[in-house]
Structure formats: C-alpha cells, structure tokens
Amino acid sequence: MRKYLLIFLVTIWTIFIGISFVWLNDYSSRPGIPADVSAKLPKGIFFESDSKIPKLLIFVHPHCPCSHATLGELERLVATTQDLANIKIIFYKPNDKPSEWIETDLWQNARVIPNVEIATMSEEEIQRFGVVTSGQAILYDADGNLVFSGGITLSRAHEGNNKGRKIIEKYLHEGEILAGETPVFGCSLTSSVIMQNQP
C-alpha cells in the first residue's frame with residue numbers, strides 16, 4: 001500500500017512540475033500590449049539642443065521585475081552606440097505616490113547607465129505616447145519621426161541577443177531600419193491598464 005501511495009505522490013508531483021514548466025514558459029514568451037505610438041515625438045521631451053541626433057525613449061514601471069532585463073539590454077546598447085542618440089528612461093510615477101515609491105533597484109540600476117537621462121511621468125503624461133507595457137522602447141529620428149517601437153529583450157525577464165536591440169543598433173550606426181516593431185515583454189506600465197498577459 002505504501003509503495004502505491006509513493007508512486008501516486010511521485011506521479012502527481014511530476015505532473016505538477018510539468019504543468020508549472022509549461023505555464024512559466026508560456027508566461028515568459030507572452031508579449032505585452034504594444035504601444036499605439038505617435039508618429040511624431042511629442043514636444044518638450046528633449047531639449048532643443050538635442051535635436052540633431054535620434055532620440056530613444058524607454059518606459060519602465062519601477063516595480064516590474066521583467067524590466068531588469070530591459071535595462072541590461074539598454075546598457076549593452078549604450079556601450080555600442082555611445083553618443084549616437086539621446087536616450088531617456090522614463091519611470092512611471094503616480095501623482096499620489098512619494099518619490100521613494102520609484103526609488104527601487106531598477107531606479108538605482110538606471111542611474112548608473114552612462115549617457116542616459118532619467119525622468120518620471122504620470123499616467124496622464126505617458127498616455128501621450130500610447131505606452132501601456134513596461135520595457136517599451138520608442139526610437140525617433142533626428143527630426144522627431146517615429147522609426148521603431150517595441151521591446152529590446154528576448155522574452156519576459158530574459159536578456160540576450162534580440163531583434164529589438166539589433167534593429168536600434170543598426171539604425172544608429174548605419175541609418176538602416178530592419179523592422180519598425182517588435183514584441184515588448186513586461187508588466188502593465190500604469191495602474192489603469194489590465195494587461196492581457198498578467199496571470
């Protein structure tokens with residue numbers, strides 16, 4: 001009897017592990033809602049003196065664990081592109097939250113990336129960009145025209161060679177755009193959006 005009970009428990013455990021693995025794999029590879037991005041860069045985001053080179057915006061929720069991978073990929077991107085673009089990381093900050101709310105490890109990691117400006121935006125300000133997923137990258141050319149919109153990670157919370165980063169690198173180095181959009185992997189950026197990819 002004991003032997004059969006042990007076999008039964010091992011079988012149940014194996015099934016549980018298998019289901020968990022499938023669920024995690026599906027979750028990590030499921031993209032978030034893409035941004036409905038404006039074709040022109042909204043005014044007031046960069047200084048006029050920054051207008052002669054492309055502009056890259058990265059939107060991050062300060063409590064999204066998936067966005068660690070985005071910042072890791074951004075750091076690699078910065079290392080290969082140097083001063084070829086003005087880059088700004090925009091953290092979501094609700095109007096009713098103190099500054100301490102955004103000062104997470106993601107915020108601290110962003111601060112040490114060289115040649116990158118950090119800013120905060122409320123939900124109302126972020127809505128101008130149509131962005132709803134943390135980790136969203138938007139690239140505009142020197143004239144403020146949309147070039148690329150998407151993610152720069154391989155999947156949710158996974159770093160590594162990916163199409164989004166390669167597209168941006170190639171455009172900044174050669175002026176050639178391979179594709180205008182890639183999936184973005186991350187959590188809901190603002191509180192009012194219920195993500196289709198949340199468990």
> Which residues, taken from the range 79-110, are at pLDDT below 95, in a helix (DSSP H, G or I) and closer than 19 Å to Q136 by Cβ?
Replying inline: T81
>> Quick test for you: out of D96, D36, D105, D83, pick the one residue that is farther than 15 Å from S134 by Cβ, surrounded by fewer than 16 Cβ atoms within 10 Å (Cβ to Cβ) and within 19 Å of the chain's Cα centre (by Cα).
In response: D36
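Look through G160, G164 and report the one residue that is surrounded by 22 or more Cβ atoms within 10 Å (Cβ to Cβ) and not in a strand (DSSP E or B).
Values: G160 fails: surrounded by 22 or more Cβ atoms within 10 Å (Cβ to Cβ).
Of the residues listed, the single one that is surrounded by 22 or more Cβ atoms within 10 Å (Cβ to Cβ) and not in a strand (DSSP E or B) is G164.
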>> Pull out all pairs, ordered by first then second residue, where Cβ-Cβ is under 7 Å, the residues are six or more apart or on different chains, the first lies in the range 116-128 and is among the polar types (S, T, N, Q), and the second is open to solvent by 60 Å² or more (accessible area, probe 1.4 Å).
In response: S122/N95
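Could you look through the range 179-189, keep only residues that are surrounded by 14 or more Cβ atoms within 10 Å (Cβ to Cβ) and among the hydrophobic types (A, V, I, L, M, F, W, C), and pick out the one that is nearest to V147 (Cα to Cα)? Steps first, answer last, please.
Initial filter on the range 179-189 (surrounded by 14 or more Cβ atoms within 10 Å (Cβ to Cβ)): 181-189.
After this cut, where a residue has to be among the hydrophobic types (A, V, I, L, M, F, W, C) as well, the list is 184-185, 187, 189.
Numbers: V184: 16, F185: 19, C187: 24, L189: 22 Å.
Of everything passing the filter in the range 179-189, V184 is nearest to V147 (Cα to Cα).
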>> Condition check: in contact (Cβ under 8 Å) with a residue 60 or more places away in the chain and either in a strand (DSSP E or B) or open to solvent by 30 Å² or more (accessible area, probe 1.4 Å) (or both). Does V131 satisfy that?
In response: no
> Are any of the residues in the range 148-155 at pLDDT below 90, part of a loop (DSSP other than H, G, I, E, B) and open to solvent by 70 Å² or more (accessible area, probe 1.4 Å)?
Replying inline: yes
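The values are calculated or read from the model by the stated rules, or taken from the named source; none is laboratory data. A quick note: this is a predicted structure, and the numbers were derived from the prediction, not measured. As a convention, Cβ positions derive from the backbone with ideal geometry for all residues, glycine included, and neighbour counts pool all protein chains shown. In case anyone asks, the SASA skips ligands and DNA or RNA and just uses the protein heavy atoms, side chains included. Shrake-Rupley method; radii C 1.70, N 1.55, O 1.52, S 1.80 Å.
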